Amino acid sequence: MVPSPLLSRNTRPSALSKSRTSTRVAGFLPCAVFLAWMVMPLVAALPIFGSGAAATFTDAMFEAMSALTTTGASTLGDPTVIPRAVLLWRALLEWMGGFAAVVMALAILSAFGTAGRDVQRTRLPLGTSGAVALRFTHFARVLLSLYAAMTFLGFLGLWASGVPAFDALCL
C-alpha cells in the first residue's frame, strides 16, 4: 500500500484500499503513455526548429512526430542541404520510434494472450502486481540489446556495400 492520502482514504492495509490503489495505478498508465506521446514530439521538435531546418514550429513538430511514429513523411525537402546534425537527430528519433513500436506491440499482444506469453506468465491479473511490470522491463531490456545489435549489423552491411558511413548510420 502506498502511504499517501491522495491514493487511499484508509491508512490501514485492506483489500479495498489495495484494489483502489491498483485501479488508480492501472488507470494512470494509459494516461502516462498518452502524455508521453504528446510531450515527446514537442521536445524533439526543438532541435529541428532551432537549427532552422524547419520553417515553422509546426513543421518541426510534424518532423518529430513523423520520426517517432516511423511514418517516413517529411517536410524538410532536399536532405543534402539539411544540417547533418538534424539528419542524425531525425534518424535517432526514428530508431527510438521503431523500438517503441516493437515494445508496444509486445505489450498489446501479450495483454491479449497472442504473443509474449512469458511477459504475462503470472497468476495475478495485469495492473495489480509489480511482477508483470518487472518481467516486461526485463523483456524490453533484452529487446533493446537485440534491436541495437540488428541496427549495428544493418549499418555494417550498408557500409560494407559502399554506402557512406553517415548515410548508413542514418538509414
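The values are calculated or read from the model by the stated rules, or taken from the named source; none is laboratory data. Keep in mind the model is a prediction, meaning the values are calculated, not measured. No Cβ is skipped: glycine too gets one built from the backbone with ideal geometry, and neighbour counts run over all protein chains shown. Accessible surface is based on the protein model in full, side chains and every heavy atom, while ligands, DNA and RNA are left aside. Shrake-Rupley method; radii C 1.70, N 1.55, O 1.52, S 1.80 Å.
Which residues, counting only those in the range 37-52, are of a type in the set (G, A, S) and either farther than 25 Å from F155 by Cβ or surrounded by fewer than 19 Cβ atoms within 10 Å (Cβ to Cβ) (or both)?
Correct list: A45, G50, S51, G52.
Pull up the range 92-103, narrow it to residues that are more than 14 Å from L171 (Cα to Cα) and in contact (Cβ under 8 Å) with a residue 40 or more places away in the chain, then point me to the one that is most open to solvent (accessible area, probe 1.4 Å).
V102
Go through the range 72-91 and count every residue that is exposed (fewer than 12 other Cβ atoms within 10 Å of the Cβ) and either acidic (D, E) or in contact (Cβ under 8 Å) with a residue 24 or more places away in the chain (or both).
The total comes to 2.
Which of the residues that make up the range 152-171 are more than 23 Å from I82 (Cα to Cα), open to solvent by 60 Å² or more (accessible area, probe 1.4 Å) and under 24 Å from the mean Cα position of the chain (by Cα)?
F152, L153
Cβ-Cβ below 8 Å, separation at least six or inter-chain, first residue in the range 39-53 and among the hydroxyl-bearing types (S, T, Y), second surrounded by 17 or more Cβ atoms within 10 Å (Cβ to Cβ): which pairs?
S51/V86
What is the one condition in (1) at pLDDT below 90; (2) among the polar types (S, T, N, Q); (3) open to solvent by 40 Å² or more (accessible area, probe 1.4 Å) that S110 does not satisfy?
Result: S110 passes all but (3).
Looking only at residues that are over 18 Å from G98 (Cα atoms) and β-branched (V, I, T) in the range 53-71, which one is least open to solvent (accessible area, probe 1.4 Å)?
Checking each candidate, the answer is T56.
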